[in-house]
Amino acid sequence: MMNVNLISKITDYVLLNACSLHSSGLYTGKAGVSLALFEVSGLMKDDYLEERAFELLEESLLYKGDDLSFHKGYSGIRFALLYLVEHRFVDADIHELFGKQEQQLQAFTGELLPVASIPDTPLSVCIDRLYLLRCDEKRNREEIEWLESFFFSASEDELERKLLAIMSPKGVNISYGGGLSRWLLYAVYVESLKCGLDTSRFSRLFNPLPQWKR
């Protein structure tokens, strides 16, 4: 199955392509990638990776747009920061950083989109299914092994070919919503299980998350 060396290679790929991110948000931007890199840095005890994750987080917090959505705007950025603060990856005052936006979010009367309308990718669907299957690992062992053999038991070249085959024609993306950052988070989850670490926090990352529209 997966190994730490493969996780390192995928992390390197994400780092090399982080400069291509134009969005600050959770699903497709810097906040989501930062969250994934923080989780990997915690698993690997890697200070350099933690620094890069922090840099991306800082960049996401510079967002000055008017999008309040979970997908690309303040709600998603706030979710990422709150997650990182609650699990002691960073130390920050949420209310100080989002004072003005907090008032806007409280007054925001957007419409909650049903889960069915949240844009999924083949990768995100499979990763989320793997997480749910592992909630009853003994019963679902055969399907878990089959899916994980596709996503993780491969050489670097073979893995790249498989990921390209299931992602968009534009190539491999690194986002949290449907790209390699979600892959990394699942890999950290599984490695944490192997080490007997608390994994309860991951339920917030793989279960469907709400999106808002104006």
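Listed values, structure above:
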quantity: Two-site FRET efficiency, L164 against E59, from Cβ-Cβ distance with R₀ of 22 Å, rounded to 0.05; calculated: 0.20
quantity: Pairs from K30/K138; K138/K162; K9/K30; K64/K194; K72/K162; K72/K194 whose Cα-Cα separation, in the structure shown, is over 31 Å; calculated: K30/K138; K64/K194; K72/K194
quantity: Label-to-label distance, nm, for residues given as V4 and K45 (7 Å Cα→Cβ offset); calculated: 0.8
quantity: Simple spin-label estimate for L147 and R129 in nanometres, 7 Å along Cα-Cβ; calculated: 0.6
quantity: F150 - accessible surface, heavy atoms, 1.4 Å probe, Å² rounded to 10; calculated: 70
quantity: Within region 1-40: backbone nitrogen closer than 20 Å to the D91 label point (7 Å, Cα to C-beta); calculated: 38-39
quantity: Stretchable slack from D12 to D198, in nm (0.36 nm times residue separation minus alpha-carbon distance); calculated: 64.4 nm
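The values are calculated or read from the model by the stated rules, or taken from the named source; none is laboratory data. Just so we're clear, the structure is a prediction, and the values are computed from it rather than from any experiment. Every residue, glycine among them, receives a Cβ derived from its backbone with ideal geometry; neighbour counts consider all protein chains shown. All accessible areas refer to the heavy atoms of the entire protein, side chains included, with ligands and DNA or RNA removed. Shrake-Rupley method; radii C 1.70, N 1.55, O 1.52, S 1.80 Å.
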